[in-house]
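The values are calculated or read from the model by the stated rules, or taken from the named source; none is laboratory data. What you are looking at is a predicted structure, and each value in this text was computed from that prediction instead of being measured. So basically every Cβ, Gly included, is an ideal-geometry build from the backbone, and we count neighbours across all protein chains shown.
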Amino acid sequence: MRFFISPDEFEVIKSSPIKIVFDDDISFTTRDILYVKGKTNNGEEFHIFVNHWPSRIGGLEQTNLKGWVAKLLKSKIDSVQNVNPDINILVMGDLNDEPSNKSISEILQAKSPDVENAAFVNLMFPIHTNKLGSYNYRGNWNMLDNIVVSSNLLDKKGFQCKERQGFVFHENGWNMKQRRNVAKPDIRWPKLLWRGQRPFSCLCST
């Protein structure tokens, strides 16, 4: 896992891997969650979780594995919010599930930006709702790359999401509504910008 920051905008206070162990099968391994704690140049604290969940190959078994990872992640988020309920939370990565799947919408409780009083907002939900995505499998779009933020990043105080949704960057003017039979288009990470004391941007690569 890699997490890129602008050092003059964001100071890393702590970073560590969150190990994932499955009780039912301790021999099964998957990628760690990268946890980063830091502060922006105006003093706001962020807790960031960079993910790459188990793949979709394997059907129900893999679905259960993603549910397990989601529960572990939610427990880590809860432990942070128990100290400060208003802390800034950012969850990002290839979750190998879509915004409407149980692991994200129910376990993580990440809702669409138009849902009122949601604790967490999935900025990629609007793209998913429009039946587009970041990955194309056999002509069908899947929104597997997700950006989830705590709702306070949309309350117009301090650092904020500049837009109420994320975006998928496509190179050379590539149009997602075209070439729907492409197996896997060259799509980079969704871009997330912030509006605060100074602009802030972040990029994750898994």
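Laid out as a table, the results:
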{"item": "Some residue of the stretch 139-162 being closer than 18 Å to V50 by Cα, touching a strand residue (DSSP E or B) at 6+ places or on another chain (Cβ under 8 Å) and modelled with pLDDT under 85", "result": "no"}
{"item": "Which numbered condition T30 fails, given (1) hydroxyl-bearing (S, T, Y); (2) surrounded by fewer than 16 Cβ atoms within 10 Å (Cβ to Cβ); (3) modelled with pLDDT of 85 or more", "result": "(2)"}
{"item": "The stretch 119-148, residues that are farther than 20 Å from G67 by Cα and small (G, A, S)", "result": "G133, S134, G139"}
{"item": "Cross-chain or 6+ apart pairs with Cβ under 6 Å, the stretch 153-176 first and closer than 27 Å to E44 by Cα, then of a type in the set (V, I, T) and at pLDDT below 80", "result": "V168/I187"}
{"item": "Residue match in the stretch 7-30 (condition: among the hydrophobic types (A, V, I, L, M, F, W, C) and within 15 Å of the chain's Cα centre (by Cα))", "result": "no"}
{"item": "Counted residues, the stretch 12-31 - those being within 21 Å of V91 (Cα to Cα), among the hydrophobic types (A, V, I, L, M, F, W, C) and out of contact with any helix residue (DSSP H, G or I) (no Cβ under 7 Å at 6 or more places or on another chain)", "result": "3"}
{"item": "Among the residues listed as H47, H52, the single one being surrounded by 13 or more Cβ atoms within 10 Å (Cβ to Cβ) and over 30 Å from Y137 (Cα atoms)", "result": "H47"}
{"item": "Strands (runs of 3 or more DSSP E) wholly inside the stretch 61-167 containing at least 2 residues that are crowded, with 17+ Cβ neighbours inside 10 Å and touching a His at 6+ places or on another chain (Cβ under 8 Å)", "result": "88-94"}
